[in-house]
1. Would you call residue A:47 without any contact (Cβ under 8 Å) to a residue 40 or more places away in the chain, part of a strand (DSSP E or B) and closer than 18 Å to residue B:105 by Cβ?
2. Could you please find all residues in the stretch A:71-110 being part of a strand (DSSP E or B), away from every other protein chain (no Cβ under 14 Å) and surrounded by fewer than 19 Cβ atoms within 10 Å (Cβ to Cβ)?
3. When both residues are 6+ apart or on different chains and their Cβ atoms are under 8 Å apart, which pairs have a first residue that lies in the stretch B:1-26 and is within 17 Å of residue B:63 (Cα to Cα) and within 14 Å of chain A (Cβ to nearest Cβ), and a second that is assigned to a loop (DSSP other than H, G, I, E, B) and modelled with pLDDT of 95 or more?
4. How many residues, within the stretch B:61-81, are surrounded by 15 or more Cβ atoms within 10 Å (Cβ to Cβ) and out of contact with any strand residue (DSSP E or B) (no Cβ under 8 Å at 6 or more places or on another chain)?
5. Please verify whether residue B:84 is surrounded by fewer than 14 Cβ atoms within 10 Å (Cβ to Cβ), out of contact with any strand residue (DSSP E or B) (no Cβ under 9 Å at 6 or more places or on another chain) and farther than 19 Å from residue A:36 by Cα, treating the condition exactly as stated.
6. When the stretch B:84-106 is examined, which residues are found to be within 7 Å of another protein chain (Cβ to nearest Cβ) and at pLDDT 95 or above?
7. If you scan the stretch A:30-39, which residues turn out to be in contact with a strand residue (DSSP E or B) (Cβ under 8 Å, 6 or more places away or on another chain) and not in a strand (DSSP E or B)?
8. Mind checking which residues of the stretch A:17-29 are outside any strand (DSSP E or B) and either under 13 Å from the mean Cα position of the chain (by Cα) or surrounded by 14 or more Cβ atoms within 10 Å (Cβ to Cβ) (or both)?
């Protein structure tokens with residue numbers, strides 16, 4: 001069974017870069033690693049996904065080392081509106097069963 | 001608009017009274033899934049479905065049933081709810097459930113079992 005581990009919470013100030021790391025084992029070999037963002041009283045929504053090395057989109061970057069046993073979500077220059085819970089997600093190898101991390105609660109301070 | 005809908009959004013019930021939470025998606029997705037979210041435990045998968053008439057257990061299936069008679073609908077059934085099933089429930093769908101898919105989530109159903 002896949003297992004993911006993330007820090008429970010992080011605080012940051014506006015304008016800083018925030019890095020959140022997720023450790024995961026037994027993620028399916030050919031799968032992407034995906035990160036989601038969740039605001040209170042809403043369902044999670046997709047932020048970014050990648051397979052190896054570095055992926056960047058308009059809101060975040062994702063770094064995945066060669067062994068794929070961890071991934072780091074990087075949020076550049078966070079704002080108050082980035083206050084949310086961030087989850088990494090993977091699929092257990094050999095199944096269609098998905099495992100979310102316990103989430104990292106990011107609080108951005110003014 | 002592409003979306004996943006759930007009903008009801010809020011439900012208070014009593015122990016043992018059967019209930020169904022509906023989930024529907026309009027994206028022609030094959031894969032659908034139910035999660036529950038509890039403080040400190042994150043999201044845990046209850047059941048998932050690869051396609052019509054194909055369902056399988058997630059990590060926490062005890063006390064729940066599902067059915068997938070139509071591609072767009074994936075109801076969650078609690079035959080005899082208990083207080084430990086008080087939780088926030090999310091339905092999600094994705095194209096095929098493969099590791100490159102993006103899951104789309106519904107708005108959530110907050111269930112309280114007294």
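1. Values: without any contact (Cβ under 8 Å) to a residue 40 or more places away in the chain: yes; part of a strand (DSSP E or B): yes; closer than 18 Å to residue B:105 by Cβ: yes.
The answer is yes for residue A:47.
2. Going residue by residue through the stretch A:71-110, those that are part of a strand (DSSP E or B) are A:71-75, A:84-92, A:98-100, A:104-109.
Filter once more, keeping what is away from every other protein chain (no Cβ under 14 Å): A:72-75, A:106-109.
Of everything in the stretch A:71-110, those that are part of a strand (DSSP E or B), away from every other protein chain (no Cβ under 14 Å) and surrounded by fewer than 19 Cβ atoms within 10 Å (Cβ to Cβ) turn out to be A:72, A:74, A:107, A:109.
3. Correct list of pairs: B:21/B:8; B:21/B:75.
4. Looking only at that region, the number is 0.
5. Against the criterion (surrounded by fewer than 14 Cβ atoms within 10 Å (Cβ to Cβ), out of contact with any strand residue (DSSP E or B) (no Cβ under 9 Å at 6 or more places or on another chain) and farther than 19 Å from residue A:36 by Cα), residue B:84 does not qualify.
6. Keep residues of the stretch B:84-106 that are within 7 Å of another protein chain (Cβ to nearest Cβ), which gives B:90, B:97, B:99-100, B:102, B:105-106.
B:90, B:105, B:106, listed by residue number.
7. First, pick out the residues of the stretch A:30-39 that are in contact with a strand residue (DSSP E or B) (Cβ under 8 Å, 6 or more places away or on another chain): A:31-39.
Correct list: A:31, A:32, A:39.
8. To start, the set of residues in the stretch A:17-29 that are outside any strand (DSSP E or B) comprises A:17, A:26, A:28-29.
Of everything in the stretch A:17-29, those that are outside any strand (DSSP E or B) and either under 13 Å from the mean Cα position of the chain (by Cα) or surrounded by 14 or more Cβ atoms within 10 Å (Cβ to Cβ) (or both) turn out to be A:26, A:28.
The values are calculated or read from the model by the stated rules, or taken from the named source; none is laboratory data. The structure presented is a predicted model; accordingly, all values stated were derived computationally and were not measured. Cβ sites come from the backbone with ideal geometry, for glycine too, and all protein chains shown count toward neighbours.
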